[in-house]
Amino acid sequence: MDRSISGALPFVTTNVLGTQVLLDAARAAGVGRFVHVSTDEVYGSIAEGSWTETWPLAPNSPYAASKAGSDLLALAAHRTHGMDVVVTRCSNNYGPHQFPEKVIPLFVTNLLDGKPVPLYGDGGNVRDWLHVADHCRGIQLVLEKGRSGEVYHIGGGTELSNRELTERLLEACGAGWDMVRPVADRKGHDRRYSLDISKISEELGYSPRVGLADGLAATVAWYRDNRAWWEPLKSRAGL
């Protein structure tokens, strides 16, 4: 998301034009079902309550706007061409093999190296955290049983402020608050995301299985044991 603020074109090219290329190819090849994976960021920010799948799209960042555009293209393919399309929108993912620019792997790998971690603004921005295994299971349910032309939310059921998340990561890595460096808030930083997952729960039987405490502990252990995977990535990305 940060990179979309400094340069939006690659995100428009990948998310908007790229989605249309895939839709055209899928239709030409007679693909049976097209699952489009999106994000809760397309809704903007919500002060109270949770978004349902019918909530108006109001993206605030270039990245989120490009994802909203790709959602609309996918749904338009269903309405215009009769393609069997379903859309998923997920909350913030975490787990093994996540690129280390994302907050959890960035913080964990920094702390494993004894480096400080940056905390945006007052740390009060709230996100719902979804383990990648739960996300994949939700996508599989939508692929197999979701209704064509519908949108389904996939969430983790664990809302935390960035400050609370930072405290948990510090504890998991055996570090103290002295390793935190407050930084200026980023542009277009949505205050709170919250997905209502009752639709996928009631229709498809989804519920998150990986608790945050267990998921974070396993994630920290994975990055501790797989330094050879993430060190070159951080070096190339200048992180």
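Would you tally the residues in segment 168-199 being under 30 Å from Gln140 (Cβ atoms) and either within 17 Å of the chain's Cα centre (by Cα) or among the charged types (D, E, K, R) (or both)?
The qualifying residues number 9.
Filter segment 107-143 for residues that are in contact with a Pro (Cβ under 6 Å, 6 or more places away or on another chain) and surrounded by 21 or more Cβ atoms within 10 Å (Cβ to Cβ); which is farthest from Leu160 (Cα to Cα)?
Per the criteria, the residue is Thr109.
Which of the residues spanning segment 12-59 are touching a residue at least 60 places away in the same chain (Cβ under 8 Å), part of a loop (DSSP other than H, G, I, E, B) and touching a helix residue (DSSP H, G or I) at 6+ places or on another chain (Cβ under 8 Å)?
Across segment 12-59, the qualifying residues are Arg33, Gly44, Thr52, Glu53.
Tally up the residues in segment 174-211 that are touching a His at 6+ places or on another chain (Cβ under 8 Å), part of a helix (DSSP H, G or I) and of a type in the set (A, V, I, L, M, F, W, C), please.
Residues meeting the conditions: 1.
Looking only at segment 219-239, filter to residues that are in a helix (DSSP H, G or I), aliphatic (A, V, I, L, M) and in contact (Cβ under 8 Å) with a residue 40 or more places away in the chain; which one of those is surrounded by the most Cβ atoms within 10 Å (Cβ to Cβ)?
In this case the residue turns out to be Val220.
Identify, by number, the condition in (1) buried (at least 21 other Cβ atoms within 10 Å of the Cβ); (2) within 30 Å of Ala172 (Cα to Cα); (3) free of Cβ contacts under 8 Å to residues at least 60 places away in the same chain that Lys102 doesn't meet.
Here Lys102 clears every test but (1).
Readers should treat all values here as calculations from the given coordinates under stated rules, not as data from a laboratory. All values reported here derive from a predicted model rather than from experimental measurement. Every residue, glycine as well, gets a Cβ built from its backbone with ideal geometry; the counts of neighbours run over all protein chains shown.
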